[in-house]
Every structure is written in structure tokens, then in C-alpha cells.
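Structure, as C-alpha cells:
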Amino acid sequence: MVDVSAKPVTAREAVARGRIHIAPAALRLARAGALPKGGLLEVARLAGVLAAKRTAEAIPLCHPLPLTHVDVDLKPRRDGFEIEATVRTDARTGAEMEALHAVAVAALTVYDMVKAADKEMTITDIRLVRKSGGRSGTYVRK
């Protein structure tokens with residue numbers, strides 16, 4: 001791991017987004033709550049929150065962070081869902097990996113829950129869209 005002990009503790013926030021594309025018939029089942037594994041949105045949100053909290057266990061060189069806030073939202077789209085995760089911490093290093101990990105695991109959870117109805121789902125465009133705090137300041141994806 002990189003030594004961050006000399007860096008000051010600052011308030012930091014990271015926002016990441018991604019998409020999952022789902023076939024229309026499977027999407028209807030998901031939105032109706034008619035999937036064999038149950039309600040999709042709450043399970044995927046919870047999976048994303050838990051993933052953010054355990055990022056350092058999944059990404060070998062990540063620092064474990066004391067997260068102060070995690071929010072994962074799945075927004076319905078015509079062809080699936082857009083997933084957004086917001087993570088906040090007061091720490092010596094940023095929360096970008098936690099936000100990205102939350103989006104990825106939420107998307108994989110959707111995939112797992114819908115796979116019986118759609119084998120051709122696609123997870124795409126997982127990216128950092130905004131971060132603030134720390135030495136490098138604010139970043140906003142254009």
C-alpha cells in the first residue's frame with residue numbers, strides 16, 4: 001500500500017455510475033417484482049452498500065476507510081438501470097474505489113437476480129463521475 005500517513009485527514013466524497021442493459025421481457029419481470037429471487041432494487045442497493053464497506057478486502061492495495069455515508073441508487077432506464085453510488089469519508093485517501101466497487105457489485109447483483117430471464121445482459125460504463133477532497137481537489141467528469 002502507498003504510505004498516506006503524512007497526508008491530512010480531509011472530508012472526501014466520490015460518485016460513480018454504471019449501467020446494466022436488460023432485455024425488455026426480463027426488465028418487465030424485474031420491475032414487476034416477479035423474479036424468482038425476489039425484489040431486485042433493495043437487494044442490489046444493499047449489495048452495493050456492503051461492497052463499499054468491504055472494498056479493501058476485494059482490492060488488494062486499497063486502504064480500509066472509515067466510511068461516513070454510502071448511498072446506492074438504481075434509476076430505471078428504457079433498457080435497464082443506471083446505478084449511482086455516493087461515498088463519503090473523513091480520511092487521508094479518497095473513496096473512489098469504494099464508489100466504483102459499490103456500482104460494480106450492485107450491477108453484478110442485478111445480473112445474478114435477472115440471469116434466469118436474460119442471458120445477454122451487459123454491464124457497461126462503470127466510471128468515476130465526481131470526487132472532492134484531498135490534495136488534488138475536485139474532479140468532475142466532462
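The values are calculated or read from the model by the stated rules, or taken from the named source; none is laboratory data. Remember, it's a predicted structure, so these values are computed and weren't measured experimentally. Cβ atoms come from the backbone with ideal geometry, glycine included; neighbour counts cover every protein chain shown. These accessible areas exclude ligands, DNA and RNA; they are computed on the full protein's heavy atoms, side chains included. Shrake-Rupley method; radii C 1.70, N 1.55, O 1.52, S 1.80 Å.
Kindly indicate the residue of segment 19-44 that is of a type in the set (Lys, Arg) and open to solvent by 60 Å² or more (accessible area, probe 1.4 Å) and also farthest from residue 102 (Cα to Cα) among those meeting that condition.
Going through the qualifying residues, I end up with 28.
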Would you pick out the residues in segment 75-95 that are among the acidic types (Asp, Glu) and either open to solvent by less than 50 Å² (accessible area, probe 1.4 Å) or on the phi > 0 side of the Ramachandran plot (or both)?
-> 79, 82, 84
Which numbered condition residue 56 fails, given (1) open to solvent by 80 Å² or more (accessible area, probe 1.4 Å); (2) touching a Pro at 6+ places or on another chain (Cβ under 6 Å) = (1)
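Name every residue in segment 1-26 that is over 20 Å from the mean Cα position of the chain (by Cα) and aliphatic (A, V, I, L, M), in order of residue number.
If the condition is that a residue be over 20 Å from the mean Cα position of the chain (by Cα) and aliphatic (A, V, I, L, M), then 1, 2, 4, 6, 9, 23, 25, 26 are the ones that fit.
Search segment 106-137 for residues being among the polar types (S, T, N, Q) and modelled with pLDDT of 95 or more, and hand back the single one that is nearest to the chain's Cα centre (by Cα).
In this case the residue turns out to be 109.
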Odd one out for residue 129 among (1) open to solvent by less than 30 Å² (accessible area, probe 1.4 Å); (2) assigned to a helix (DSSP H, G or I); (3) farther than 23 Å from residue 23 by Cα = (2)
